[in-house]
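The values are calculated or read from the model by the stated rules, or taken from the named source; none is laboratory data. The structure displayed is predicted, hence computed values, not measured ones. So basically every Cβ, Gly included, is an ideal-geometry build from the backbone, and we count neighbours across all protein chains shown. SASA here: full protein model, heavy atoms, side chains in, ligands and nucleic acids out. Shrake-Rupley method; radii C 1.70, N 1.55, O 1.52, S 1.80 Å.
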Amino acid sequence: MIDKFLINDGDVQRVDIFSASDEELMEISREMGLALSLDEMKLIRRYFEKRERLPTDLEMQALGQAWSEHCCYKSSKVVLKENIYGIEEEKVVAREDAGVIEFDEQHYYVAALESHNHPSAIEPYGGAATGIGGIVRDVLCMGAQPIALIDPLFFGRLDYDYKKLPEGVKHPRYLFKRVVEGIRDYGNRIGIPTVSGQVYFHDGYVGNCLVNVGCIGIVKKKNLIHSRVKNPGDVYIYAGGRTGRDGIHGVNFASEELREESEEESISAVQLGDPITKEPLIHACLECTEEGIVEGMKDMGGGGLSCVSGELAYDAGYGVEIYLDKVPLKEEDMTPWEIWVSESQERMMLVVKEENVEKALSIFKKWDVEAAVVGRVIEEPFVRIFYNGRMVGELDLRFQIKGPLYERPWKKPVSREAEDPDFSIPDMEEMLLKVLSSLNVSSKEWVIRQYDFEVRGSTAIKPLQGKIGRQTHGDASVIKPLPHSYKGLAVTSDVNPYFMSIDPYLGARAAVDEVCRNLAAVGARPDSIGDCLNFGNPEKPERMGELHDATRGLAEMARGLHLPFVSGNVSLYNEGTEGAIPPTPTIMGIGIVNDIRKCVTSDFKEEGNSIYLIGETKKEMGGSEYYRAMELAGGKVPRTDIDALTKSMNALIKSIESGIVSSCHDVSSGGLAVCLAEMAIGGKGAEVCLYAMGDMRSDFKLFSESNTRWVAEVKKEKEKEFEEIFDGIKLTKLGEVKGDRLVVYDGDEMKKYIDLPISTLYEKWGSTLQKIMG
């Protein structure tokens, strides 16, 4: 117990870290929930020794938050500087709570990508819901109207054996159901469409699911707001939900491994979302922005009042005074430190000039949103916290916010690539149906239909495409942000955890390749990417090695493709009692569509149209759905050629914009066989021959997951024009759109390997999740 180190001092307690031994310092850190190391505790002790006073509990809690991995990136910043920062920076207008890039002459688009992993593992509904709430606020605080959400999600297999489930871990099926419900209920209730995402199942996520969420917004250039104050004397206005004890130690909890006891010890660290409060809060903040009275704005997310108050001032070189007794509370008996570090949701901090305070408050009153003046900008770079007229904390912001920085030791990952196994070609129809019905390939309609992806009326290309009642997956969704313009934004996300498990460097490159393919498949030019880097414990050299290799792969692709990282997030300590998750750098891709009326979808359209395969198919079977269906291991992870990708994308986009292509789908999980099946499921049948693909086993032609490939449906009369556009690029004519069956031939003797009706393909592909989840 640490009671002997706590000295009552009015409304706060002084913490006697001067007399504590090393072991006692760590006990203080643990019992106060600080999640600080011994070296960090000693650093804090030296800071206060120089000031000849003991810290208050409020100051200790503030430093625990500010120095958490979640807030200060103390383990990842060195790696990010080495690999990620500095790529195409001139295209990025701002990168603060969200990233900002030009959309057209009058507007920017704003994007953010975050994780809410640990909270969702403990309380999946609330964790996922507040993940959406937080990412919306990140976009809002730039002055932008949120217009679209994305949700890349990763769980253990839904059929995981209950008997093997580690103690304290919830079953993947329950986590999956509740996470989707949390995202559904929050996103639908605030009226923002969830248009894109990913759902992936892998046993490496059993002990630590991943809930990544993204948001896209649009803002007039004149209304762009920055996450910093402007001048001393400006006023801090707190707006939104009241502050309670929910969410205390949220960022600290997110910066540790999950343990058997995590739920019992940390359930209070999960915030409580309130979308009914959030919706008018969005409107009120945007009205203040439109009125031109906002000097700076930031959301109270991870770190709460403590982090947002200091960061707003610190980023401008100033300081701040905060009056905690002015903060609206859910519970009146909260102590100063609880108020200071609470991460209660639906709260924004606006900075306005003194003369605009009443106008701002009246706007919030009009929208029935609670608001109060809680602070003021000062010249000195300090945060001073007052409660009932008495100062209960004072920290040099240069000390609090800069935080420690570590260059962690790392060990280069050993690639798990191996020789391909020797086996005979199985029945191709049987294998196609098995792969189509697998968890990671099968239809995600059970998820997608729970989201309102058409609210706001601006989703031009939807996540499900094709015939009503038999729709297929699209590659990217397209949003029309502005009523007066046909210019659009395409959004997608991707990463393949099986590729990443075999080789983090190659898997990361493949992830960028796929998001670019997805964007190009609808006719969008890739414009930026966002990354959410989900990895294990950085104190383990093997985990840091995975982070180094993955970011190196991402950086090479971004640099070669001239794509800036518009926004990013690092989520470490994703480990449970059974070990670390697969390295998972989730990539969000954003593309520009010059005219949404020229976009194409993935369903086959018209009989007689020609079917082409763009790109080269290689024997790259490592991590493939085919090998997993066969219960085989080995093979190479697909490589990426940046030059080939660039040329192929440019040719494909040109052919789509020219009206030559009727439908297009990228070749990814499940290979060419699944790509053709999904295009047929949403539209018409196809008859193709693989002979022109060259001398390779038919099953490898069908199920290889080589990168930089698409299947395009080309209008019959446009074949010559299409082939001229692709001059010098690997292009193979496979066959034509025909009938209501998928028929595949190969070989000199035109052996028929697949002949299946679309109804059978759809039944196998479309029923897996529905049968499991009900």
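Here are the numbers for the structure shown:
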read-out: Counted residues, region 649-659 - those being open to solvent by less than 40 Å² (accessible area, probe 1.4 Å) and either free of Cβ contacts under 8 Å to residues at least 40 places away in the same chain or closer than 18 Å to E556 by Cα (or both); value: 1
read-out: Residues satisfying the stated conditions in region 624-674, i.e. in a helix (DSSP H, G or I), under 15 Å from S602 (Cα atoms) and acidic (D, E); value: none
read-out: Flag if S485 is polar (S, T, N, Q), under 18 Å from the mean Cα position of the chain (by Cα) and closer than 25 Å to K654 by Cα; value: no
read-out: Subset of region 694-722 [in contact with a Leu (Cβ under 7 Å, 6 or more places away or on another chain) and part of a helix (DSSP H, G or I)]; value: S698, K701, L702
read-out: Unique match (being modelled with pLDDT of 85 or more and not in a strand (DSSP E or B)) among L305, L258; value: L305
read-out: Within region 728-768, tally of residues that are of a type in the set (A, V, I, L, M), open to solvent by 40 Å² or more (accessible area, probe 1.4 Å) and assigned to a strand (DSSP E or B); value: 1
read-out: N496 being over 20 Å from A712 (Cα atoms), crowded, with 24+ Cβ neighbours inside 10 Å and not hydroxyl-bearing (S, T, Y); value: yes
read-out: Given (1) touching a helix residue (DSSP H, G or I) at 6+ places or on another chain (Cβ under 9 Å); (2) buried (at least 21 other Cβ atoms within 10 Å of the Cβ), number of the condition I725 does not satisfy; value: (2)
read-out: Some residue of region 525-534 being surrounded by 24 or more Cβ atoms within 10 Å (Cβ to Cβ), assigned to a helix (DSSP H, G or I), under 14 Å from the mean Cα position of the chain (by Cα) and at pLDDT 95 or above; value: no
read-out: Failed criterion for A555 (all others in (1) open to solvent by less than 10 Å² (accessible area, probe 1.4 Å); (2) small (G, A, S); (3) assigned to a strand (DSSP E or B) hold); value: (3)
read-out: Residue within region 408-427 that is within 30 Å of D746 (Cα to Cα), under 32 Å from the mean Cα position of the chain (by Cα), surrounded by 20 or more Cβ atoms within 10 Å (Cβ to Cβ) and at pLDDT 95 or above present; value: no
read-out: Test: residue in region 535-543 that is crowded, with 24+ Cβ neighbours inside 10 Å, in a helix (DSSP H, G or I) and modelled with pLDDT of 95 or more; value: yes
read-out: Those residues of region 20-46 which are touching a residue at least 60 places away in the same chain (Cβ under 8 Å) and surrounded by fewer than 17 Cβ atoms within 10 Å (Cβ to Cβ), in sequence order; value: D39, L43
read-out: In region 113-163, residue most open to solvent (accessible area, probe 1.4 Å) [restricted to those that are in contact (Cβ under 8 Å) with a residue 12 or more places away in the chain, more than 30 Å from T289 (Cα to Cα) and assigned to a helix (DSSP H, G or I)]; value: Y125
read-out: Members of region 571-618 that are in a strand (DSSP E or B) and out of contact with any strand residue (DSSP E or B) (no Cβ under 9 Å at 6 or more places or on another chain); value: E575, G576, G579, A580
read-out: Selection within region 677-706 - closer than 15 Å to D666 by Cα and open to solvent by 10 Å² or more (accessible area, probe 1.4 Å); value: E678
read-out: In region 289-309, the residues that are over 19 Å from A98 (Cα atoms) and open to solvent by less than 10 Å² (accessible area, probe 1.4 Å); value: I293, S306
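Condition check ((1) among the polar types (S, T, N, Q); (2) assigned to a loop (DSSP other than H, G, I, E, B); (3) within 22 Å of the chain's Cα centre (by Cα)) across all residues:
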site	(1), (2), (3)
L34	no, yes, no
L43	no, no, no
F48	no, no, no
L54	no, yes, no
M60	no, no, no
V78	no, no, yes
E90	no, no, no
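Each row is one residue, and each column tells you yes or no for (1) open to solvent by 20 Å² or more (accessible area, probe 1.4 Å); (2) outside any helix (DSSP H, G or I).
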site	(1), (2)
R178	yes, no
D185	yes, no
V195	no, yes
V211	no, yes
N231	yes, yes
